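The next block holds one structure in the form of structure tokens; read it before the comments.
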Amino acid sequence: MKKSSNTIKSIHLKSLYLFIGLVLLVFVVMGYLIISNLQVFYFQEKNKDVTALTKAFAHDITTSLEASAIINRQMESKLITSCKIVAGYPGELTSEILAQFAKDLDVDEICHYNKNLQVIGSNSGNYLGWTPPGNHPLRTINECKDMPMVEDIRRATLIGKNYKYGYAKTPDGTLVQIGILAKNIHLISSRIEPQFIIDQVASQIPTAMVLFITTDGTVYSPTGSKNSAISINTEEIREILNNETMSTDSLSIQKKSSLVFLNYASVFVEGEKKGAIVIEFDMLPSLLLVSHISKFIIISLFAFFSIFCFFAINIYKKNKRIFNIAYYDTLTGLPNIQFFFASHKKEKENRNSDSFALLLISTINIKLVNIIYTVIRMAVPYSNKLPPP
């Protein structure tokens with residue numbers, strides 16, 4: 001009987017261990033799946049956000065470049081029209097007439113040169129008699145046959161300020177020069193220049209580096225930035241600029257080694273590629289956030305598992321106590337009649353044959369034995385406390 005008792009107990013204990021092990025496995029798998037899916041979901045959402053921002057800012061840069069091109073064409077058109085009007089004046093181009101033209105045409109400088117490129121009139125009355133030196137751009141422009149023409153912004157020789165000049169020849173072959181101060185041009189276009197857009201973008205995304213790279217390799221970075229690029233190297237810039245397969249779609253590159261996420265989109269103006277906008281996002285704060293969430297999930301699962309184990313062990317102890325009450329005598333701890341019937345039934349089920357021997361031993365005066373055993377069991381603890389006779 002004792003062997004059967006131990007066998008029954010060991011079966012219950014193994015079942016508990018197996019059940020707890022299976023639950024632990026479920027918690028581990030569930031925690032791994034939750035954390036993995038959380039990381040994938042978070043980075044996918046971050047990718048969508050950065051991609052949407054890149055496309056939006058690429059559109060803003062495209063709009064600003066188109067607006068700058070329109071303004072530049074308008075300035076050139078204004079200079080050419082003004083040059084034609086002044087050069088076509090039938091009378092003498094005195095300084096007073098040039099001053100009136102400057103006021104009516106809203107330009108900053110008008111100079112009239114004779115055939116020897118000597119200033120013979122100006123709207124301000126200055127520079128009269130001045131002749132450009134031999135290496136001055138006016139020498140080349142005066143020989144040009146394509147008139148009227150507009151020059152790129154350059155620094156004026158005498159006053160040191162930047163101007164955008166237009167030129168035209170009068171019917172008698174003299175040269176008319178009209179200039180607009182570059183500062184006034186900048187006031188018009190400053191809020192649509194790529195640098196202004198980049199500064200605005202950088203203020204909206206403080207955790208990212210925003211760059212605009214032109215096709216000639218010029219890099220526009222946020223004003224006041226100490227580092228024009230965190231990890232974009234020359235090879236990557238070349239790859240971005242030479243990627244002709246891109247239109248306005250963005251491309252994402254994740255550098256796991258440097259914890260950097262790149263997203264860029266090409267910028268086209270009138271069908272011509274002008275460059276690309278690049279958003280370089282530092283993934284370290286995001287990884288730290290995911291790490292903190294993962295730790296919280298692991299701690300929560302461990303707490304739930306600990307609570308589960310606590311209740312499972314308590315239930316096992318209660319079931320074991322109920323089992324002992326049902327199958328063992330509470331006084332002696334020996335198997336009772338219910339245990340005998342259960343063991344008999346189990347032994348019968350395990351045998352292939354219905355014939356077997358059964359030995360019953362009946363103890364005489366078992367009730368008296370129980371009484372004596374009970375008295376002794378109750379008296380022993382108190383006997384140690386009694387004083388010696």
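The values are calculated or read from the model by the stated rules, or taken from the named source; none is laboratory data. What you see is a predicted model; the values in this text were computed from it and never measured. In this analysis, Cβ positions are derived from the backbone assuming ideal geometry, glycine residues included, and neighbour counts consider all displayed protein chains.
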Which pairs have Cβ atoms under 6 Å, sit 6 or more apart or on different chains, and link a residue in the stretch 306-317 that is among the β-branched types (V, I, T) to one that is part of a helix (DSSP H, G or I) and surrounded by 14 or more Cβ atoms within 10 Å (Cβ to Cβ)? none
Anything in the stretch 301-334 that is loosely packed, with under 11 Cβ neighbours inside 10 Å and of a type in the set (F, W, Y)? List them, or say none. F310, F311
Any idea which of (1) small (G, A, S); (2) modelled with pLDDT under 85; (3) over 30 Å from H59 (Cα atoms) is the one A182 doesn't satisfy? (3)
Identify, by number, the condition in (1) modelled with pLDDT of 90 or more; (2) surrounded by 14 or more Cβ atoms within 10 Å (Cβ to Cβ) that K103 doesn't meet. (2)
Return the residues of the stretch 28-86 that are more than 30 Å from P222 (Cα to Cα) and polar (S, T, N, Q); say none if nothing qualifies. S36, N37, Q39, S77, T81, S82
Right, T174: modelled with pLDDT of 80 or more and either within 16 Å of F281 (Cα to Cα) or β-branched (V, I, T) (or both) or not? yes
Which of the residues spanning the stretch 98-143 are out of contact with any His (no Cβ under 9 Å at 6 or more places or on another chain) and aliphatic (A, V, I, L, M)? A99, A102, L105, V107, I110, L128, L138, I141
Looking at N233, N243, N162, which is the one that is surrounded by 13 or more Cβ atoms within 10 Å (Cβ to Cβ) and at pLDDT below 70? N243
